[in-house]
Structure formats: structure tokens, C-alpha cells
Amino acid sequence: MESTISQTEENYLKAIYKIQERAGKPASTNAIAAAMNTSAASVTDMIKRLSEKDLVNYERYRGVTMTNDGQRIATTLIRKHRLWEVFLVEKLDFSWDEVHDIAEHIQSAELIERLDEYLEFPRFDPHGDPIPDADGVFTFRKQILLGEMSANEEGVIVGVQDHTSDFLQYLDRMELTLGTEIKLLERYAYDDSVKILLSNEKEIVISKKVSQHLFIQKKFLEK
């Protein structure tokens, strides 16, 4: 099955999977179009192709879901991608804003299994996204968006919802990288921005948009 689909089709399957993973419901045509930076008409054409290959199911007004074959392929693709991101960051000193596009172009199933072993079976990639194991099983943790925290709550940054280079470079400049401990000091009613305290005692104010793209593991939650 995997050898009969194009790279574009693979990219759509990954996008649909990630939308479902984050939203917890079928992926809408508009959400897929936004993720793929294309038109709704192009998405409709692709969904028809994927449906004909029994990789997705589409119900009008209900959205797109993965079939078992589609889920298997998407999980395998995501596993490859996220393992390569770990390798590129941890072993080749790439920054987290550089690795997404590079990882897109690396294939070879046998190489992926050896890479997983070499990396000692990491559970999360450099952006905090879970890496499925060889059986397609993900490790999930209790996490919330920074925008959902209340004043005086503390936690550590464990993931990002926006993988664009601009956003990741912004986080680097603001010292908001994975593993950074934070405390929410105050929320401003005017624009819902928040003031946070970093572990180095530095106080910064970040926008509502940023707070809605940072995943936090609160201190009192189990890992």
C-alpha cells in the first residue's frame, strides 16, 4: 500500500492525522486546507483520491477520518519524521526550527529501526510531539496549553503547537524552549496576554496567540 501513494498523498495523510490528534475529532476540509496551505477545492480532490484508495473516510458536514490502512501509514510516516528530528537536533546540532523540512525527505524503514535503537527509543521529538513505537503506540502525557493556566500555577514547557521557523525562533529569543520552567504571574483582561516568571527569575509578557501554542506540564501533574 505505502509504495502506491505519492509524497503529496503522504503529506495529506500526516496532516489529517495531526489535525485529528490535536482536535480529537474528524478533520474538516478547511482545517486540512490551512494545514496544507492550499485551496478547499484541492483538498476535496485529494480526499476523493485517498478515499478511492481506502485510506480515508469522508462524510459531508462531518469531516475526514482515517481508515485502518490510512492510520497505519500516517503513524509510520510520523514515526520516521519525529525520530529524524530527534537525531538531527541531538546528534548533528541542528536547531529545532531547521529540522522539519529536512526530516520530510528521509525514507528507509530499516534505517528508521536502527535509528530508533541508536537514539535509545525516544518518546518525544524536539518539538514535544510523541513518537510512535514500532507497533504504532504513542506515549501521551498530561499537558495543557499555557493559555489555560491560572495565576500562580507553575509548570515546564514540554511542547509547541506551531512548528514554523518564525515561531520557534521567537521562542528562542524569549528563552521559552522545551524544559523551561515557568510560573504564570498575571493575566491581563484587556487582551488576554499573560505575564510569566522564568526559572532564571526573568519576567516577560507574552501574547494570547503565543500562550495558545505552548504546551505546559503543570508541576502537580504526574508525568
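The values are calculated or read from the model by the stated rules, or taken from the named source; none is laboratory data. This structure is a prediction, so every number in the text was calculated from the model and none was measured. Quick reminder, even Gly has a Cβ in these numbers, built from the backbone with ideal geometry, and neighbours come from all protein chains shown. The protein model used for the area step is the full one, side chains on, heavy atoms only, and it has no ligands, DNA or RNA in it. Shrake-Rupley method; radii C 1.70, N 1.55, O 1.52, S 1.80 Å.
Here are a few things to note about the model shown:
- D45 touching a Leu at 6+ places or on another chain (Cβ under 6 Å), of a type in the set (D, E), at pLDDT 90 or above and open to solvent by 30 Å² or more (accessible area, probe 1.4 Å): no
- Top-ranked residue in segment 185-215 [being touching a residue at least 40 places away in the same chain (Cβ under 8 Å) and of a type in the set (S, T, N, Q); ranked as most open to solvent (accessible area, probe 1.4 Å)]: Q212
- Checking each residue in segment 53-81 for being assigned to a loop (DSSP other than H, G, I, E, B) and surrounded by fewer than 20 Cβ atoms within 10 Å (Cβ to Cβ) picks out K53, D54, R60, Y61, R62, T67.
- Those residues of segment 12-33 which are modelled with pLDDT of 90 or more, open to solvent by 40 Å² or more (accessible area, probe 1.4 Å) and in a helix (DSSP H, G or I), in sequence order: N30
- Summed over segment 1-25, the residues that are within 17 Å of the chain's Cα centre (by Cα) and touching a residue at least 12 places away in the same chain (Cβ under 8 Å) give a count of 13.
- Filter result (without any contact (Cβ under 8 Å) to a residue 40 or more places away in the chain and either within 19 Å of E104 (Cβ to Cβ) or among the β-branched types (V, I, T) (or both)) within segment 131-163: V137, T139
- Contacts under 6 angstrom Cβ, first residue in segment 90-105 being over 12 Å from P126 (Cβ atoms) and assigned to a loop (DSSP other than H, G, I, E, B), partner open to solvent by less than 50 Å² (accessible area, probe 1.4 Å) and at pLDDT 80 or above, 6 or more apart: none
- Residue satisfying condition, being surrounded by fewer than 17 Cβ atoms within 10 Å (Cβ to Cβ), of a type in the set (A, V, I, L, M, F, W, C) and under 23 Å from the mean Cα position of the chain (by Cα), within set L176, L145: L145
- Yes/no for L115 being open to solvent by less than 50 Å² (accessible area, probe 1.4 Å) and part of a helix (DSSP H, G or I): yes
- Filtered residues of segment 133-172 (kept if assigned to a loop (DSSP other than H, G, I, E, B) and under 23 Å from E98 (Cβ atoms)): Q161, D162, H163, T164
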